[in-house]
Structures are given as C-alpha cells and as structure tokens.
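This report refers to the structure that appears directly beneath it.
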Amino acid sequence: MHLRSRLSKSRQADRDKAHSDADAAHREAIAIINDERLAESARQTAHLLELMRKTTSSPS
C-alpha cells in the first residue's frame, strides 16, 4: 500500500472517530437534559398536587 493511501485512510479513520466521539457526547448531553426535565416535571407535578390539596381540603 502506498504511503499516501495509508495516510488518507488514517486521516479518514481519525475523522470518523472524532465524529463518533462528538455524536456520543451529544447523545449523553441530550440524555442528561432529558433526565433534568423529567425531574423538574415531577417536582412541578408534586407541587401542583399539593396546592390542589390545600385549596380543596375542608377548613379545620
């Protein structure tokens, strides 16, 4: 194999690896953001339920 051909394949492999790493990092960031949104949604739902309970319960 010619040196130029090996170098070209090596560069392409490096680019492929960089793209793969960037894609994995992006997917991980999306997963973290999604987990944060789900947790916030659960907190807001619990807060809403508590407010509803307070406003609909009979006075003591």
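Values quoted throughout were computed directly from the atomic coordinates according to the rules given, and no laboratory measurement underlies them. Just so it is clear, the structure is predicted and the values come from calculations on it, not from any experiment.
Along the stretch 43-49 the Karplus relation, 6.51 cos²θ - 1.76 cosθ + 1.60 evaluated at θ = phi - 60°, assigns HN-Hα couplings of 4, 5, 5, 4, 5, 4, 4 Hz to successive residues, with x for each Gly and Pro.
Subtracting the Cα-Cα distance of residue 29 and residue 53 from their residue separation scaled by 0.36 nm leaves 5.0 nm. Counting only Cα atoms, the chain measures 88, 9, 8 Å along its principal axes, largest extent leading. For the stretch 35-41, backbone phi angles converted through the Karplus equation (6.51, -1.76, 1.60; θ = phi - 60°) give residue-by-residue couplings of 4, 5, 5, 5, 5, 5, 4 Hz, Gly and Pro being listed as x.
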